[in-house]
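Just below is one structure, and these are the notes that go with it.
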Amino acid sequence: MQDIFREMGATYSLLYPEQSGLRTSSSTSVLVARAVAYLQTHYQNPTLTTAQLAQELYVSREHLSRSMKRYLGVTPSEFLCGLRLDHAAGLLRLTSMPVLDVCMASGFENP
């Protein structure tokens, strides 16, 4: 649950940098916030790639990766993996689902 609040805070900081004390380019911060929101919504899709995300946001894969790395400290792939791992950890803690089912429900293609 703490991870969700941390991610929500990071997204808020990106959408409203002037209120969080960040000094960022508004177009870049909005891009990163949109990427984070998209990833938080679609992380369970096992075929989601950085290229697909960039296409969805109408930017190049390289620009998206640089922007996320600069403002969040992680690449889109690392952020996506973190979301999936957080989801999987929560399912393992709260349910008795088999590990393979948890992997699939979290967006991993294989365990």
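The values are calculated or read from the model by the stated rules, or taken from the named source; none is laboratory data. The structure displayed is predicted, hence computed values, not measured ones. Note that we place each Cβ from the backbone using ideal geometry, even for glycine, and neighbour counts take in every protein chain shown. Keep in mind that these areas ignore ligands, DNA and RNA; they rest on the heavy atoms of the full protein, side chains included. Shrake-Rupley method; radii C 1.70, N 1.55, O 1.52, S 1.80 Å.
Among the residues of region 31-76, those that are of a type in the set (G, A, S) and either surrounded by 14 or more Cβ atoms within 10 Å (Cβ to Cβ) or over 28 Å from V102 (Cβ atoms) (or both) comprise A33, A35, A37, A54, S60, S65, S67. Annotation: of all residues in region 77-111 being closer than 13 Å to T47 by Cα and in a loop (DSSP other than H, G, I, E, B), the one that is most open to solvent (accessible area, probe 1.4 Å) is E109.
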